[in-house]
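Here the structure comes first, spelled out in structure tokens, and everything after it is commentary.
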Amino acid sequence: MIKSIFTYALVFLGISSLSAQSLIQVSGTLTGEDPNEKLAYASVIVKQDALMVETVITNDKGVFKIEGIKTGKYTIEFQFLSFESSTITLNVDGSKSIINLGSIKLKSKTTSLEEVVITSETSQMALKLDKKVFDVGKDLASKGGSATQVLDNVPSVRVEPSGSVSLRGNSNVLILINGRKSGLTSTQGLEQIPAESIKSIELITNPSSRYDAAGSAGIINIILKKNNKKDLSGSITLSTGVPADHRLLGSINYKKGKFNLFSNFGVRYSDYVGLNTRNQISTSDGKNLFLMQREDQDRHDDGGLVYLGLDYAIDDNNSITTAFYRNQTKDKDTNTLNYEFSGEGINNTHIRTIADSEEERSYNQLEFNYTRTFKKPGKKFTIDGQYDFWNSTKDFNIQRRTITPNNGDQSVINTKSNRANDDVVIQSDFVVPVSETANFETGVKVEHRLVSTDFAANEESAGVVNPIDGFNNGLDYREQILGAYAQYGNKIKKFSYQLGLRTEYTSIEIKDQNTAKVLTDSTYTRLFPSVNLSYALTEKTTAQLNYSQRINRPNLFQLNPFPELQDFNSRIFGNINLIPSLTDGIELGFLSKIKGLVLNPSLYYSKTKNNFQYFTTQNEDDVFETVLLNLDEETRFGLEMSAQYAPTKWLSLSAVFNAYSFDQKGSTGTTNLDFSDETWTSTLLGQVKFPKNFTLQTKLEYQAPVSNAQTRTKSYYYMNMALGKSLFKNNGTLTLGVSNIFNSRKVIETTIGNDFVVRQMTNFNAARWNLNFNYRFNKAKNRKEHQSNRE
């Protein structure tokens, strides 16, 4: 099936005519009828064939810059509240790399707000040659949720029940926030970022040397909202849901003169209900043993956050930004597990455990940025600093009791874990135009990270407390990464290219806290090249060929050789001997625009050495042990087809189809883990606009079956829906949403070993309903409305 798809894709790509990306910059100044009245923070919308290409905001001087415009014909629309919108046409022929439109005047409106109708609206998903941009503001389904829900609604991205994030089926993805690494991109951290604070999600499948080399699947960049309005503005969001999910979120921003104060805050109270089942058949001493296990999860999270920041424009060319983020959470979970054992030569046994856990986390982040611009357009120097520090404590109590036979057998297990992290990052970048068509960029980055973790497990039986052997441990993890890069780009007629090289020095040490013994100490330096080529075939069709090398460094959890005790029947171990995996990836992509249709097909190939994979065995006590291994290599070949179609103003459709085959080679001991398979996923997004300001959005996703050498995962599908209505002169929005509406998102896996077969089902969350109200205010806007009404 995959081979046929690839054959048709190659035929399609061979007959497509395409257009090239260029490095052209369009700039100008937006003013009122009085040239001295600069319109700060107005919207500049670039369209091609009625489809949005780019949206930018003017700065506090009314100046706008649109980077990376390709050759072709465009319409540019200028919008500012209480002013009449204006549209111009622009023909970009590639003869100039910088186009200055000069001053553009907008006429003042004298009508009231009721008479102002804004018809332009950005698409929910914008397709670009080097990335896809998902507009969160148009995503009704994630209203009132978190970054986790936002990512799970983005085509090509999947958030697994465990919380891990994958891109195109590959979980080795680098997640950034505003282009920078952050502790907020952990599984728990993503759940704490409100969806309302996210502007857009960028999917970069083949990054340039500007970015960190981590993440063989590519980069997911979460762009947070930033205040762009004068005077006092903000928003408030109230949300409630079933199961219980109550949130209060808000932002207050104030801009005056050279100062811009911005803030976000929020509190939440959320419940989650999950179900896991496990049926296994194993062989011990030639006898078959059977286990039926059911885990009912009742999870509850409380959280609060605050984000405060300040922008200060020193002068026209120098500015600084400082910000502080704090997130405090407290989770209380109760999991009830029932184990039923049976088999040859043993009595039927029913054991019940009730596990109560309480975890408190405190995350803090300090940010600093200095930016210097120059008279020469495009020339810029920046310095960024970031300091993350967080800690987490977790108490886990397990009450174990034998129900059948009722012999009074019971015990209590208590575990305690503590984690702390300090992460300092300093980065500097410099961009300078070499000529009208050429740019040179260079930068350096230093990151120093310290993580400490300790775990203790004790068992109380018959009034006696004893430590459990093999589980008590403490580790210190130190990581240093020094990086530097340089890249050069140029345009020659219809051909554009960008060549880059990045180097990263890595030093990792793990030390046992109890013995001071160094468990692992590795130091290495790698070079990571990148090549980006593009060519214009026609005005409306563009082709691009990208190559990059990426790295996947094992983290502390993956290296930690000690398990954490949570389940009597299974253990998951890290592997202190893991080595980094290296991936060479190449992608051929196309972007074609035909009236209301945008097509973005791409073929991609990657080869990874020392890729990671989990492997499960059963020990002599019939406990399942899962450990992470290095395989020899994995090759992957895939086709992704993205399409966006807007046949009318009231209907828009987006679809993503991704199919790939992979071939893995490797072994552990005497077990051969060579394996090949193919699979595919598809996503369909729809948006329908109804009268009276109602909007309906739907997302339908299907995952075909997929396997590795040990485990086969069945196919599944799920659907999310949301209905929204604009209120209060478009200042408010009321949204009713539901995720996993048919409760069909159940991951069912079968794992087969030499002496066991395990079938398990994970239903992390059933259907969740959410009612959300958002209201936005702007004092400067209201003042202009009142003045207009008095005239």
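The values are calculated or read from the model by the stated rules, or taken from the named source; none is laboratory data. Fair warning: this is a prediction, and the values are worked out from it, not measured in the lab. Positions of Cβ are backbone-derived with ideal geometry, glycine not excepted, and every protein chain shown enters the neighbour counts.
For region 515-536, does any single residue satisfy the condition of being under 30 Å from residue 71 (Cβ atoms) and more than 28 Å from the chain's Cα centre (by Cα)?
yes
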ask   = Which one is nearest to residue 556 (Cα to Cα), of the residues in region 497-524 that are of a type in the set (Val, Ile, Thr) and loosely packed, with under 14 Cβ neighbours inside 10 Å?
value = 518
request  = Determine, yes or no, whether residue 737 is more than 30 Å from residue 611 (Cα to Cα), surrounded by 16 or more Cβ atoms within 10 Å (Cβ to Cβ) and free of Cβ contacts under 8 Å to residues at least 40 places away in the same chain.
outcome  = no
remark   = Within region 627-650, the residues that are of a type in the set (S, T, N, Q) and at pLDDT below 90 are 642, 644, 648
query = When residues of region 147-205 are filtered for being within 9 Å of the chain's Cα centre (by Cα), polar (S, T, N, Q) and modelled with pLDDT under 80, how many remain?
reply = 1
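Please find, within region 420-448, the residue that is nearest to residue 97 (Cα to Cα) out of those that are among the acidic types (Asp, Glu) and part of a strand (DSSP E or B).
Residues of region 420-448 among the acidic types (Asp, Glu): 422-423, 429, 436, 441, 447.
In the following step, the residues that additionally are part of a strand (DSSP E or B) were identified as 422-423, 429, 441, 447.
Numbers: 422: 44, 423: 40, 429: 22, 441: 17, 447: 36 Å.
Only one residue fits best here, namely 441.
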query = Out of all the residues in region 503-522, is one or more modelled with pLDDT of 95 or more, farther than 17 Å from residue 479 by Cα and not hydrophobic (A, V, I, L, M, F, W, C)?
reply = no
message = When you scan region 105-122, do you find a residue that is under 27 Å from residue 433 (Cβ atoms) and modelled with pLDDT of 80 or more, even just one?
response = no
query = Would a scan of region 753-768 turn up a residue that is within 22 Å of the chain's Cα centre (by Cα), closer than 30 Å to residue 648 by Cβ and outside any loop (DSSP other than H, G, I, E, B)?
reply = no
inquiry  = Looking only at region 57-75, how many residues end up being assigned to a strand (DSSP E or B) and either among the aromatic types (Phe, Trp, Tyr) or free of Cβ contacts under 8 Å to residues at least 24 places away in the same chain (or both)?
reply    = 2
request  = Answer yes or no as to whether residue 402 is in contact (Cβ under 8 Å) with a residue 24 or more places away in the chain and under 27 Å from residue 483 (Cβ atoms).
outcome  = no
key: region 176-235 - residue that is free of Cβ contacts under 8 Å to residues at least 60 places away in the same chain, touching a helix residue (DSSP H, G or I) at 6+ places or on another chain (Cβ under 9 Å) and in a strand (DSSP E or B) and, of those, farthest from residue 323 (Cα to Cα)   = 176
inquiry  = Could you go through region 416-423 and let me know if any residue there is touching a His at 6+ places or on another chain (Cβ under 9 Å), touching a residue at least 60 places away in the same chain (Cβ under 8 Å) and closer than 18 Å to residue 567 by Cα.
reply    = no
inquiry  = One residue is enough: does region 335-352 have a residue meeting the conditions part of a strand (DSSP E or B) and in contact with a Gly (Cβ under 7 Å, 6 or more places away or on another chain)?
reply    = no
ask   = Within the bounds of region 637-656, is there any residue that is of a type in the set (Lys, Arg) and outside any strand (DSSP E or B)?
value = yes
